[in-house]
Structure formats: C-alpha cells, structure tokens
Amino acid sequence: MTTKEILYFDHPGPQNTMGVIQAISQRAKALGIEHIVIASGTGQTALKFWEGLRGIEANLVCVSSHAGSYGGDKLSLREETKKELENKGLKVLVCSHALSGVGRSLTMKFGGITQVEIIAYALRLFGGEGIKVAVEVSIMAADAGLIPTNREIIAAGGTKGGADTAIVLKAAHMNNFFDLEIREIIAKPRQRVGETGAVAE
C-alpha cells in the first residue's frame, strides 16, 4: 500500500502552472519517470515546464493544437517558439486531437454527440478540463511514437491556458484506448469551469 499527497487547487486555470510543475518535479523523481507530456497551445507553458524541470532527466514532449482549432488555418504555436522548444531539447507535436477529431464536426453540423465526445465528457467529471486534456495529449504523443506505452509517464493539462492538472498514467495508442491506465492524480482543481466559462460551484 502506498500513501501520497494530491495537490488540490481551489480554482482551475493557468495561475496553478508553477504549482503543477513543482508537484510533477517531486513525483517524477520519486517514481523515476522519464517521459513528461505537456499540453501547450502556444508553447509558453512548455517553456515554463522546461525551466522548472531542468533538474530532471526526462523526455519532455509539447503537444500543441492543430491548425483550425481556433478558426482559420494558422497554428497557435508560432514557428519561432517551436524552434526555441526544439533547441532546448523538447519534442514538439502538432496533430489532430484524439478526443474530438471529426466527431466534433458531426456534432457541430448535425447535433447530438459522438462516442468519443462521451469519453471526453466522462473524463471531465474527474477533474474538469485538465484530466481530459492530459489523457488526450498522452494518446497523441503515443500515436506519434514520442512516448512509450509500456511504462508510466506523467501528463499535464490545463483549463483555458497553462496547467492545473497532472496525472501519472500508462499511455495507450488511439486504437487501444481502453488499455490506458490513469494510475495517480498528482494535482487537480477541486472544481471545474462550467460551459459559460464561470467556475462551477
């Protein structure tokens, strides 16, 4: 039996980023984690992780949003930021989102909800947007061959920017999604943001 602490934030959001980084640093050292996946649309959160985790020997993977996520054809990750991340040794991934994809287009066009979106909403029940995002980027990184699926990794996600959630998990590829195991929660908000952007009480 193992006893460990979980870091709970009063509210979700980017103001929790440094707390998440510190908690990850401690847990990565304790577990000997060698792979850390960070959701970071613009790359700025990933740069903060690089700075805060410099004492850790780990493969850092920045997973950004695909083109069109926020309208238009531009990427949220600027080319100069991508190069900066890569020069610092991070691996950078831009690809379709594992837990939305074409299914989101079907919902927006015809209404209803797809099976994949149901999984995403179920994950949000455990910790708001951050846990869903952390699971999602781990799948995306695994599918790109940037992390292994046969050992534990850490993944971090956030709510409206930054990071407010971190989990230890054994990742899986998209075609073996139900092999994925969330093994520990390192940090998460105690409440989630509602559909309007307000904190759900």
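The values are calculated or read from the model by the stated rules, or taken from the named source; none is laboratory data. Fair warning: this is a prediction, and the values are worked out from it, not measured in the lab. FYI the Cβ positions are ideal-geometry reconstructions off the backbone, even for glycines, and counts take in every protein chain you see. Keep in mind that these areas ignore ligands, DNA and RNA; they rest on the heavy atoms of the full protein, side chains included. Shrake-Rupley method; radii C 1.70, N 1.55, O 1.52, S 1.80 Å.
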Mean Cβ neighbour count within 10 Å, used as a protection proxy, ranking 122-135, 102-115 highest first: 122-135, 102-115
For peptides 45-51, 153-159, 142-148, 171-177, sequence by mean Cβ density within 10 Å, most packed first: 153-159, 45-51, 142-148, 171-177
Extension gain from Arg54 to Tyr70, taking 0.36 nm per residue of separation minus the Cα-Cα distance: 2.6 nm
Pair Asn175, Gln26: separation of 7 Å Cα→Cβ label points (nm): 4.1
Solvent-accessible heavy-atom area per residue, rounded to whole Å², over segment 76-201 at 1.4 Å: 52
Share of carbon and sulfur in the accessible heavy-atom surface of the chain [1.4 Å probe, %]: 51
Debye, to nearest 20: dipole size of the chain, +1 on Lys, Arg Cβ, -1 on Asp, Glu Cβ: 80
Over 23 Å (Cα to Cα) - which of Lys48/Lys82; Lys91/Lys132; Lys109/Lys170; Lys48/Lys188; Lys29/Lys170 fall in this group: Lys109/Lys170
Amide H contacts of Thr165 (H built 1.01 Å from N, under 5 Å, at least 5 apart or other chain): Gly157
The chain: DSSP helices with Cα axial extent of at least 18 Å and average Kyte-Doolittle hydropathy no lower than 0.0: 17-31, 129-143
Contour excess over end-to-end distance, with Cα ends at Met1 and Arg183 and 0.36 nm allotted per residue: 64.2 nm
Calculated P(r) over Cα pairs in 5 Å bins from 0, in percent (choose from (1) 1, 7, 14, 16, 17, 16, 12, 8, 5, 2, 1, 0, 0; (2) 1, 8, 16, 21, 22, 17, 10, 4, 1, 0, 0; (3) 1, 6, 11, 13, 16, 16, 15, 11, 6, 4, 1, 0), label: (2)
Hydrodynamic radius (Kirkwood) for segment 110-201, which is based on Cα pairs only, to one decimal in Å: 13.6
Separation of alpha-carbon centers, segment 15-90 and segment 133-147, rounded to whole Å: 13
